[in-house]
Amino acid sequence: MRTIFRVRRPLGLMGATAAVAWLAAVAARAHFQVLLPSAEVVTAGGSRDLHLDLRFTHPMACGPVMEMGPPVRFGVLVKGRVTDLRSQLQEVRIDGKTAYTCDYRVASPGDHIFFLEPAPYWEPAEGKMIVHYTKVVVNAFGEEEGWDASVGFPVEVQPLSRPYGLWAGNLFRGVVLRQGKPVPFAEVEVEYWNEDSRIRAPSDPYVTQVIKADAQGVFAYAMPRAGWWGFAALVDGDEPLRNPDGVPADVELGALLWVRCAAMK
C-alpha cells in the first residue's frame, strides 16, 4: 500500500495526537464501495460473460482493502425485473480481507443495473457505521433503455447522463436522491479507480475530488482520464446502528455510482 500522508518532523504529544486523529479522519473519508464489471458494454460479437469485483477500499490510493461482511442485497435490474444474485457470489481474500466476486452471463438485450447493499462497516476513526448503496450499469446488445431506473435504495444516484459509451473529458451529470427526492447541495466525492497505482497524486487534495450538488440535487463532473470513476454522495443516516461492541453509533449512508469512460484515439 502506498503511503499518502506523512509527518515530516517531531511533534509534541498534543500535536501528534491531533495529527493522528486528522490523518485517520482524512483516510476514512476516502472509503468507496467498489462494484466493477469486466465490461460496461456487451456487444453481439463479444463475450456475454461478465466478471464483477466487489470490494471496500480506497480506489485512488489502491488500498487498503477493508473487510466486507456478507452483502445484504446484491442483484441486477433489467427491464423492471430484479434478479437476486447473492447465491452467485464467491468469497475471495484480498490482502487478507474478505471481498467478493460474481460471474454473470448476459442473456438478454437491455441495460443491466447491478446493485449492492453491503453489510454495515464500522469505522472507528470516524465513530460511524458506513453503508454505501452502490450501482453500475452495463448495456447489452445495443438496446439502450432503463439506464436511469431506480433500484429503490434509500439513497441513490440517478444518472442524468447515459452512464456508458462515455469518452474521457465528457461531462457526467447525476442527481442525488433520498427516499426518491432530490438532496439539495449534497456533497459528492469522486475518485478514480487507480489500478496498479498508475497515477500519482501530487498532493492529498487530488486523491478525492469533492463537488457539491445544486439546489435540485444535481451535480456534474468532467472525467479527465479514461477508466472507472466512482461518484459517492454521502448523507447522515436517520437512525443509529450498533457497532461491533453493541454501542449505538451514527451512520453514514452513501449513494454510489460507477461509470467508465474511454480514451478517444
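The values are calculated or read from the model by the stated rules, or taken from the named source; none is laboratory data. Note that the structure is a prediction, hence the values are computed from the model and not measured. Quick reminder, even Gly has a Cβ in these numbers, built from the backbone with ideal geometry, and neighbours come from all protein chains shown.
Observations on the model:
- Each residue in segment 192-220 was checked for being closer than 19 Å to Ala262 by Cβ and crowded, with 20+ Cβ neighbours inside 10 Å, and 2 pass.
- Matching residues, segment 78-117, being outside any strand (DSSP E or B), in contact with an Asp or Glu (Cβ under 8 Å, 6 or more places away or on another chain) and touching a residue at least 40 places away in the same chain (Cβ under 8 Å): Lys79, Val106
- Within the set Pro184, Pro244, the sole residue that is in contact with an Asp or Glu (Cβ under 8 Å, 6 or more places away or on another chain) and assigned to a loop (DSSP other than H, G, I, E, B) turns out to be Pro184.
- Counting only residues that are polar (S, T, N, Q) and exposed (fewer than 15 other Cβ atoms within 10 Å of the Cβ), segment 83-100 holds 3 of them.
- Per-region count, segment 29-59, residues of a type in the set (Val, Ile, Thr) and either touching a helix residue (DSSP H, G or I) at 6+ places or on another chain (Cβ under 9 Å) or outside any strand (DSSP E or B) (or both): 1
- Some residue of segment 164-172 being modelled with pLDDT of 95 or more, assigned to a strand (DSSP E or B), crowded, with 16+ Cβ neighbours inside 10 Å and in contact with a His (Cβ under 9 Å, 6 or more places away or on another chain): no
- Meets criteria (of a type outside the set (D, E, K, R), surrounded by fewer than 18 Cβ atoms within 10 Å (Cβ to Cβ) and over 17 Å from His132 (Cα atoms)) for Gly80: yes
- Qualifying residue in segment 68-75 (condition: closer than 17 Å to Pro37 by Cα and among the aliphatic types (A, V, I, L, M)): no
- Scan of segment 202-241 for residues that are assigned to a strand (DSSP E or B), in contact (Cβ under 8 Å) with a residue 24 or more places away in the chain and over 23 Å from Asp148 (Cα atoms), ordered by number: Leu241
- Checking each residue in segment 106-159 for being of a type in the set (Gly, Ala, Ser) and either over 19 Å from the mean Cα position of the chain (by Cα) or under 18 Å from Gly217 (Cβ atoms) (or both) picks out Ala107, Ser108, Gly110, Ala125, Gly127, Ala140, Gly142, Gly146, Ala149, Ser150, Gly152.
- If only residues of segment 7-50 that are of a type outside the set (A, V, I, L, M, F, W, C), touching a Leu at 6+ places or on another chain (Cβ under 9 Å) and surrounded by fewer than 16 Cβ atoms within 10 Å (Cβ to Cβ) are counted, the one that is modelled with the lowest pLDDT is Thr17.
- Only a single criterion out of (1) within 13 Å of Asn194 (Cα to Cα); (2) modelled with pLDDT of 95 or more; (3) of a type outside the set (Ser, Thr, Tyr) is not satisfied by Phe56, namely (1).
- Among the residues listed as Asn139, Asn170, the single one being out of contact with any Leu (no Cβ under 7 Å at 6 or more places or on another chain), touching a residue at least 24 places away in the same chain (Cβ under 8 Å) and within 22 Å of Phe74 (Cβ to Cβ): Asn139
- Count of residues meeting criterion [farther than 17 Å from Thr83 by Cα, among the small types (Gly, Ala, Ser) and either out of contact with any Phe, Trp or Tyr (no Cβ under 8 Å at 6 or more places or on another chain) or at pLDDT below 95 (or both)] in segment 96-153: 5
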